[in-house]
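In what follows, a single structure is set out as structure tokens and then discussed.
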Amino acid sequence: MQTIFSELTSFARNAGDAQITGEVRAITGITLTAVGLERVLGIGDRCIVYGADRPVHAEVVGLSAQGTELLPFGSWRGVAAGDRVEVETSGDVIRPDESWKGRVINASAKPLDGKGHLPEGSIARPLRGSPPGAFDRKRIGPKLATHVRALDVFTPLCRGQRLGIFAGSGVGKSTLMAMLARHTECDVVVMALVGERGREVQDFIASDLGPEGMKKAVLVVATGDEPPLTRRQAAWTAMAVAEYYRDQGQHVLLLMDSVTRFAMAQREIGLASREPPTAKGYPPTVFSELPQMLERAGPGPEGKGDITAIFTVLVDGDDMNDPIADAVRGITDGHIVLDRRIAEKGRYPAIDLLSSVSRTLPDCHSDLEFTLLSAAHRALAAHADMEELIRIGAYRSGSNPELDRAIAFAGPCEAFLTQRKSEQTTPGEAFSSVAALLDNAGISPEA
């Protein structure tokens with residue numbers, strides 16, 4: 001009897017065009033419980049709930065003795081007990097195409113830009129893809145010119161690298177992302193705005209990318225007012241689009257703003273599924289979803305392209321040891337820290353050079369470049385150690401010649417690091433400027 005029942009269950013799951021339906025049993029908060037589909041649906045499967053007003057697409061997030069638990073890609077407005085629930089056979093794949101460059105799409109890969117139909121390619125890509133195997137990937141490639149002086153000298157970015165930008169609100173994450181999108185060398189830019197402000201979409205297109213930058217960009221947008229499933233899916237959709245272009249042999253610059261909003265969406269989903277809250281209310285699935293998503297970026301397999309990824313992390317209360325910040329820092333290949341105190345001084349991008357790290361150093365710099373970087377780091381560190389004493393006038397010039405040279409270097413270096421969004425500087429010019437600043441301060445790079 002058990003064998004026959006198992007065969008019937010398997011048949012139901014693979015019944016092709018057969019219509020399998022259930023009904024709504026209850027709705028609590030944003031969680032809907034359906035009955036009649038328990039032997040058909042698994043976690044992550046999709047459904048359509050037919051309410052009085054309109055059909056609502058949903059995803060299975062839990063299974064219990066009461067039935068199948070669903071969350072909506074929308075709201076349950078108009079849905080009532082007894083309404084029909086059907087299995088949806090699509091929705092977890094997208095079909096990117098080369099013609100998507102220059103377009104703005106939503107989390108379901110539908111156009112948002114009013115430019116009409118979005119052609120679909122012939123290759124279906126799963127939203128929840130798997131990263132290349134550890135031994136199938138290439139190594140991280142050569143250094144990229146971002147044309148952002150602070151990055152090219154102090155925290156260089158290489159092809160296939162994954163960097164996190166960590167900052168509190170209003171410190172300049174989005175502006176730095178815009179500079180990278182406009183100036184970094186790549187074939188295509190895939191930008192995910194996950195749970196951000198709706199007005200940023202037009203600003204990013206018009207002010208940051210511009211017409212030329214938009215020609216090679218794909219924007220995936222899910223604003224903060226959208227349901228948690230939609231916000232989470234926007235990150236997956238952007239990653240799947242980036243993987244498509246990577247497999248076409250192109251170099252993809254993936255920009256995700258922000259990973260924290262993705263984690264918050266997963267937190268809402270987890271808590272609605274009655275997962276136990278752990279660190280700062282984040283359930284365990286958040287910390288399993290992060291590496292599954294972030295590991296999909298990076299160098300591609302031999303013969304294919306690469307995904308160079310920049311992920312922003314909104315740290316709670318400027319706490320760099322926030323659980324999400326700590327988790328992302330352990331996965332990525334470096335981190336850029338933006339400091340509110342630096343921003344308040346008017347230096348943008350407000351990168352804390354002494355706290356930021358690129359794990360491609362020192363190999364990505366030439367010997368001369370790394371020597372100049374090390375000398376500049378030592379001078380800035382010496383100045384930072386004594387900054388409070390210098391500010392209150394407790395340090396007397398001439399007491400420490402090394403510190404005097406560091407002071408002479410730090411002021412002009414602050415001006416050098418200040419860069420407007422539209423400015424560009426080649427890495428060669430940036431290193432030449434650093435060498436000149438060190439020389440003017442009397443600092444020998446070889447010391």
Kindly evaluate GLU243 against the criterion of being open to solvent by less than 10 Å² (accessible area, probe 1.4 Å), touching a residue at least 40 places away in the same chain (Cβ under 8 Å) and charged (D, E, K, R).
yes
Just name the residue that is most open to solvent (accessible area, probe 1.4 Å) out of those in the range 180-203 that are out of contact with any strand residue (DSSP E or B) (no Cβ under 7 Å at 6 or more places or on another chain) and under 19 Å from ARG420 (Cα atoms).
ARG182
Can you tell me how many residues within the range 79-96 are in contact with a Leu (Cβ under 8 Å, 6 or more places away or on another chain) and open to solvent by 40 Å² or more (accessible area, probe 1.4 Å)?
3
Inspect the range 97-104 for any residue being of a type in the set (Asp, Glu), surrounded by fewer than 13 Cβ atoms within 10 Å (Cβ to Cβ) and either in contact (Cβ under 8 Å) with a residue 24 or more places away in the chain or closer than 18 Å to THR230 by Cα (or both) and give the result as yes or no.
yes
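Which one of these is over 30 Å from ASP45 (Cα atoms) and open to solvent by less than 10 Å² (accessible area, probe 1.4 Å): LEU127, LEU144, LEU163, LEU219?
None of the others qualify; the one that does is LEU163.
Going by what's in this entry, would ASP208 be described as surrounded by fewer than 24 Cβ atoms within 10 Å (Cβ to Cβ), more than 13 Å from SER258 (Cα to Cα) and at pLDDT 80 or above?
Details: surrounded by fewer than 24 Cβ atoms within 10 Å (Cβ to Cβ): yes; more than 13 Å from SER258 (Cα to Cα): yes; at pLDDT 80 or above: no.
Judged against the criteria, ASP208 is not a match.
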Could you please give the count of residues in the range 47-73 that are surrounded by fewer than 18 Cβ atoms within 10 Å (Cβ to Cβ) and closer than 27 Å to PRO276 by Cα?
5
Can you name the helices (runs of 4 or more DSSP H) wholly within the range 368-447 that have at least 2 residues being open to solvent by less than 70 Å² (accessible area, probe 1.4 Å), of a type in the set (Phe, Trp, Tyr) and touching a helix residue (DSSP H, G or I) at 6+ places or on another chain (Cβ under 8 Å)?
401-417
Any hit, the range 87-95, residues being without any contact (Cβ under 8 Å) to a residue 24 or more places away in the chain and at positive phi:
no
Just give me the residues in the range 141-200 being touching a helix residue (DSSP H, G or I) at 6+ places or on another chain (Cβ under 8 Å), among the aliphatic types (A, V, I, L, M) and within 24 Å of ARG267 (Cα to Cα), in sequence order.
ILE165, ALA167, MET191, ALA192, LEU193, VAL194
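What number of residues within the range 142-174 satisfy the criterion of being part of a helix (DSSP H, G or I), basic (Lys, Arg) and touching a His at 6+ places or on another chain (Cβ under 9 Å)?
Of the residues in the range 142-174, the ones part of a helix (DSSP H, G or I) are 149-154, 173-174.
Subsequent filtering for residues that are basic (Lys, Arg) retains 149, 173.
Filter again for touching a His at 6+ places or on another chain (Cβ under 9 Å), leaving none.
Within the range 142-174, residues that are part of a helix (DSSP H, G or I), basic (Lys, Arg) and touching a His at 6+ places or on another chain (Cβ under 9 Å) number 0.
Any idea which of VAL241, VAL218 is of a type outside the set (Asp, Glu), in contact with a helix residue (DSSP H, G or I) (Cβ under 8 Å, 6 or more places away or on another chain), part of a strand (DSSP E or B) and under 22 Å from PRO126 (Cα atoms)?
Answer to the selection: VAL218.
The values are calculated or read from the model by the stated rules, or taken from the named source; none is laboratory data. A quick note: this is a predicted structure, and the numbers were derived from the prediction, not measured. Don't worry about glycine lacking a Cβ; one is built from the backbone with ideal geometry, like all the others, and counts go over all protein chains shown. Accessible surface is based on the protein model in full, side chains and every heavy atom, while ligands, DNA and RNA are left aside. Shrake-Rupley method; radii C 1.70, N 1.55, O 1.52, S 1.80 Å.
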